[in-house]
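Chemist: This is the structure, below, for whatever I ask next.
The values are calculated or read from the model by the stated rules, or taken from the named source; none is laboratory data. All values derive from a computational prediction rather than experimental measurement. Heads up, the Cβs are rebuilt from the backbone with ideal geometry, glycines too, and the neighbour counts pull from every protein chain shown. Ligands, DNA and RNA are excluded from the accessible area calculation, which covers all protein heavy atoms including side chains. Shrake-Rupley method; radii C 1.70, N 1.55, O 1.52, S 1.80 Å.
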Amino acid sequence: PHKAKWKVWTKEDVKRTFPKRKPGSHKGSFGNGLIIAGTDEMPGAAILCSLAAKRSGIGKLTVAASRFVSGIIASRLPECVFLHDGLKKIVEGRMPEKMTAAAIGPGLPSDETVELAAAQLLKTNLPLIIDAGALTKRQYPKREAPVILTPHPGEFQKMTGIPVADFQKNRIQTAVDFARENGVILVLKGRNTVIAFPDGEARINTAGNAGLAKGGSGDSLTGILLAFAASYKDIKAAAANAVYFHAACADYWKETRAETTLLASDLNETMPFVMKEFE
Ligand code: APR
Ligand code: MG
């Protein structure tokens, strides 16, 4: 019954709300993130997510992954630290200290262990991004820190039981209803991603292109969301800007190269040029 209040989120909106990095800032000013992602069969999701988080300015990053996955990440990204057998530790409630935001899901299976880890994270008061394997049908507890869910349409169907064809006709209102009812931020992905807030507002992203329609691009978005959620004061701007920035990186690639050839890992190479226009 609450009609969604929505607007298209533009480059001007991003520029206006992009936080300035103060000259006297230190790594503690930009958050201490935790990523729970990747399996030995799907290590790339953890790499893409971690790379994107670091490129997006997070101060410190801990990755909870197997030794195999950690080894691969360390060789690509010497800037992060690791929590070995992290998934198990988090299930047992042994959270690493001093974290300020967390993301769970890329490259993880939808199994009981992942569900238990997500439940532990929901008990904390950390801003939390939930993606991919960690997206299931569940209740969301009342908590102060924001929860951001990032389903593509197939995952949203799994979370709600509503068939894709039914909600795609009315995706803005459906997303806002879900965000209000569950007290979460819902990023419903795909062409014209909807970012819906618990207050009934929504932002629409019209940037991006079909070069993003490729395994791995969602993992990069989760990393960007983690970095922005960890470092912004305004969580609504953080979510909308992350979605825009991710899409704008694909558009930047397309200016000079074929969209077909875009790899999720290429997004990390275009980030410095695209963000240059915001900061
Ligand atoms: N136009 C614009 N943007 C698009 C388009 C399009 N035609 N197609 C896709 N995108 C964007 C989406 O909006 C989203 O940001 O690309 C991203 C795709 O994200 P996902 O659907 O999550 O895709 P993917 O990266 O493959 O997810 C892989 O999911 O299966 C799990 O665990 C696995 O972590 C892995 C992850
Ligand atoms: Mg995905």
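Chemist: Counting only protein heavy atoms and a 1.4 Å probe, tell me what percentage of the stretch 211-279's accessible area is made up of carbon and sulfur. Write down the numbers at each step before the final one.
Modeler: Values: 1490 of 2690 Å².
C and S fraction of accessible area: 55 percent.
Chemist: Something else about it: Among the trypsin sites (Lys or Arg not before Pro) in the stretch 1-60, which ones are in a DSSP loop with at most 14 other Cβ atoms within 10 Å of the Cβ? Mind listing them? Don't skip to the answer; put the middle values down first.
Modeler: On the way: sites: Lys3, Lys5, Lys7, Lys11, Lys15, Arg16, Lys20, Arg21, Lys27, Lys54, Arg55, Lys60; in loops: Lys3, Lys20, Arg21.
The qualifying sites are Lys3, Lys20, Arg21.
Chemist: Which of the peptides 270-276, 118-124 is most tightly packed, and how do the rest follow, going by the mean number of other Cβ atoms within 10 Å of each residue?
Modeler: On the way: 270-276: 15.7, 118-124: 17.9.
Order by mean packing, descending: 118-124, 270-276.
Chemist: Based on the alpha-carbon gyration tensor of the stretch 36-94, what equivalent-ellipsoid semi-axes (square roots of 5 times the eigenvalues) come out, in whole Å, largest first?
Modeler: Working: eigenvalues 62, 36, 18 Å².
Taking √(5λ) for each eigenvalue gives 18, 13, 9 Å, largest first.
Chemist: Here's a follow-up. Can you pull out the GluC sites (Glu not before Pro) in the stretch 83-154 that DSSP calls coil and that have at most 10 other Cβ atoms within 10 Å?
Modeler: When the GluC sites (Glu not before Pro) of the stretch 83-154 are filtered for loop state and at most 10 Cβ neighbours within 10 Å, Glu97, Glu144 remain.
Chemist: Could you tell me the center-to-center distance, by alpha carbons, between the stretch 6-39 and the stretch 200-244 in angstrom?
Modeler: So the separation of the two Cα centres works out to 10 Å.
Chemist: Now for a different question. Given Ser220, Gln157, Ala207, which one lies farthest toward the positive end of the charge dipole of the stretch 144-223, if we put +1 on the Cβ of every Lys and Arg and -1 on the Cβ of every Asp and Glu?
Modeler: My answer, from the dipole projection, is Ala207.
Chemist: Within 10 Å of each candidate Cβ there may be at most 16 other Cβ atoms; applying that plus a DSSP loop requirement, which chymotrypsin sites (Phe, Trp or Tyr not before Pro) in the stretch 20-125 survive?
Modeler: Values: sites: Phe30, Phe68, Phe82; in loops: none.
Those that pass, being in a loop and sparsely packed, number zero.
Chemist: Another one. Give, in nm to one decimal, the length gained when the segment between Thr17 and Asn170 is fully stretched (0.36 nm per residue of separation minus the Cα-Cα distance). Before the final figure, lay out the partial values.
Modeler: Numbers: separation 153, 0.36 × 153 = 55.08 nm, distance 2.83 nm.
My answer for the length gained is 52.2 nm.
Chemist: With only Lys, Arg, Asp and Glu charged, each at its Cβ (+1 for the first two, -1 for the last two), find how big the charge dipole of the chain is about the Cα centre; round to the nearest 20 debye. Display every interim value, and only then the final one.
Modeler: Working: 37 positive and 28 negative charges, 156 e Å.
It comes to approximately 740 debye.
Chemist: Over the chain, what is the percentage of antiparallel beta bridges among all DSSP beta bridges, to the nearest 5?
Modeler: Numbers: 6 of 31 bridges.
The antiparallel proportion sits near 20 percent.
Chemist: Additional query: So which helices of the chain fit the span-like rule, where a helix is a whole DSSP H run, its Cα atoms reach 15 Å or more along the axis, and its mean Kyte-Doolittle is at least -1.0?
Modeler: Details: long enough: 43-55 (18 Å, 0.82); 112-123 (17 Å, 0.49); 171-182 (16 Å, -0.72); 217-231 (22 Å, 1.11); 235-256 (33 Å, 0.12); 264-276 (19 Å, -0.08).
In the chain, the long hydrophobic H runs are 43-55, 112-123, 171-182, 217-231, 235-256, 264-276.
Chemist: Do any of Lys233/Lys276; Lys3/Lys236; Lys89/Lys236; Lys54/Lys88 go past 29 Å between their Cα atoms, and which? Don't skip to the answer; put the middle values down first.
Modeler: Numbers: Lys233/Lys276 21 Å; Lys3/Lys236 19 Å; Lys89/Lys236 31 Å; Lys54/Lys88 24 Å.
Violating the 29 Å limit, Cα to Cα: Lys89/Lys236.
Chemist: Keeping all protein chains in place, calculate the accessible area per residue for the stretch 49-189 (probe 1.4 angstrom), answer in Å².
Modeler: On the way: 6250 Å² over 141 residues.
Normalised by residue count, the accessible surface of the stretch 49-189 is 44 Å².
Chemist: Could you sort 185-194, 150-159 so that the peptide with the highest average Cβ count within 10 Å comes first and the rest follow in order?
Modeler: Final packing ranking: 185-194, 150-159.
Chemist: How big is the convex hull of the Cα atoms of the stretch 5-276, per residue, in Å³? Don't skip to the answer; put the middle values down first.
Modeler: Details: hull volume 33.4 nm³, N = 272.
Each residue corresponds to 123 Å³ of Cα convex hull volume.
Chemist: Whole angstrom only: what separates the Cα centroid of the stretch 83-138 from the Cα centroid of the stretch 174-190?
Modeler: When both Cα centres are located, 20 Å separates them.
Chemist: Could I ask something else about it? How much of the accessible area of the stretch 107-152, in percent, comes from carbon and sulfur atoms when a 1.4 Å probe is used? Show your work: numbers first, answer last.
Modeler: Numbers: 1110 of 2070 Å².
C and S atoms contribute 54 percent here.
Chemist: Taking the Cβ of Arg21 as the centre, find all other residues whose Cβ is under 13 Å away and add up their charges (Lys, Arg: +1; Asp, Glu: -1). Mind dumping the intermediate values first?
Modeler: Values: positive: Lys20, Lys22, Lys27, Lys276; negative: Glu279.
With Lys, Arg at +1 and Asp, Glu at -1, the net is +3.
Chemist: So which residue, out of Ala210, Ala237, Ala202, gets the largest mean-square fluctuation from a GNM of the chain using Cα contacts under 10 Å as springs?
Modeler: Highest fluctuation among the options: Ala210.
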